[in-house]
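Colleague: Next up is a structure, given as structure tokens.
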Amino acid sequence: MTAPFLHLHPNDNVLVARSLAPEGAEVVLENGTFTLTHAIPLAHKIAFRDIAMGDRILKYGMPIGIATKDIPAGAHVHIHNIRSAYTATYALDDANGLNQEATK
């Protein structure tokens, strides 16, 4: 069991905390059981399996960011080791001059 974490989609490489996950909690990961070395806040993520630098972080089966360094299974996945890959489509359209009608 992955309590107190949820594996939201079978393709996800992260688990999401459904409550504060205390230091010392045991979590079942893809390759075995891991003991948390520090508390993980509500709604934060940990790696379900090893994630290599440059890999996409998948949550809900969708990419939410890119690993900026190797993230071992069980490690906290947050702003210190991922970057956003999100760029709004409308911003790209505006930058390319494709949405000029909306600004007239």
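Colleague: Can you work out the base-10 log of I(q)/I(0) for region 42-89 at q = 0.15, 0.21, 0.26, 0.28 1/Å, using the Debye formula on its C-alpha atoms alone?
Modeller: Debye curve over Cα of region 42-89, log10 I(q)/I(0) at q = 0.15, 0.21, 0.26, 0.28 Å⁻¹: -0.34, -0.65, -0.98, -1.12.
Colleague: Amide H to amide H, which residues 5 or more places from Asp70 or on other chains are under 5 Å from it, using H placed in the peptide plane?
Modeller: Met53
Colleague: Treat each spin label as a single point 7 Å out from the Cα along the C-beta direction, and report the Asp55 to Ile79 distance in nm.
Modeller: 2.4
Colleague: Sticking with the crude label model, points 7 Å out along Cα→Cβ, report the distance from Thr37 to Glu23 in nm, one decimal please.
Modeller: Here the modelled spin labels are 1.2 nm apart.
Colleague: While we're here: Using amide H atoms built 1.01 Å from N in the peptide plane, name the residues 5+ places from Phe5, or on other chains, whose amide H lies under 5 Å from its own.
Modeller: Arg18
Rule-based calculations on the coordinates, nothing more; no lab input. Computed from a predicted model, the values in this text were never measured in an experiment. A quick note on method: Cβ atoms are made from the backbone with ideal geometry, for glycine too, and the neighbour counts reach across all protein chains shown.
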